[in-house]
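Have a look at the structure below, then the notes.
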Amino acid sequence: MKSTFLIPVLVVLLGTSFHASAGQDEAQRQMIQRVMAAKQKLKQAEAAKGEQRKALMAEHMSMMKDSMDKMAAMKPKAGMSMEEHEEWIEAHEKLMQQMMDQMMGEHHLMMETK
């Protein structure tokens, strides 16, 4: 019950703080939501045991692959000023770092179960 309520609250809070960044576009804002959902799935996997953990890990891996594919295809929109372009790149790098952090957490969790 708590997590059902906390997820939308976190998404709104994070989305609100990221809306202040002029460099982000709609695709990046959507990606933030995807990254947060994947992070929540990883936390569920950490708390689970056995087959449930494996299933949650598989879901997380699938979410991460989908997100990585989308991140690789993202491009700054044409006509941005140099400042807007730099802000977009900075926001993209932050998203990539969040993804890498999750993949490291996933790796540690996988090593734990072996």
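Before moving on, here are some points about what is shown:
- Calculated SAXS-style log₁₀ I(q)/I(0) at q = 0.16 Å⁻¹ - the range 62-114, Debye, Cα scatterers: -0.58
- Shown for the range 65-112: the carbon plus sulfur share of the solvent-accessible area, taken with all protein chains present and a 1.4 angstrom probe, equals 59%.
- Taking amide H as placed 1.01 Å from N in the peptide plane, residue 74 has no amide H partner under 5 Å among residues 5 or more places away or on another chain.
- Segments 35-47, 91-103, 65-77 sorted - mean Cβ within 10 Å per residue, highest first: 35-47, 91-103, 65-77
- Cα-only radius of gyration and Dmax that characterise the range 20-114, units Å: 15.5, 51
- Summing charges over all other residues whose Cβ lies under 11 Å from the Cβ of residue 32, with Lys and Arg as +1 and Asp and Glu as -1, gives +3.
The values are calculated or read from the model by the stated rules, or taken from the named source; none is laboratory data. Everything quoted here is computed from the prediction, not taken from an experiment. Neighbour counts run over all protein chains shown; Cβ positions are idealised from the backbone, glycine included. Remember, those area values only see protein heavy atoms, side chains included, never the ligands or the DNA or RNA. Shrake-Rupley method; radii C 1.70, N 1.55, O 1.52, S 1.80 Å.
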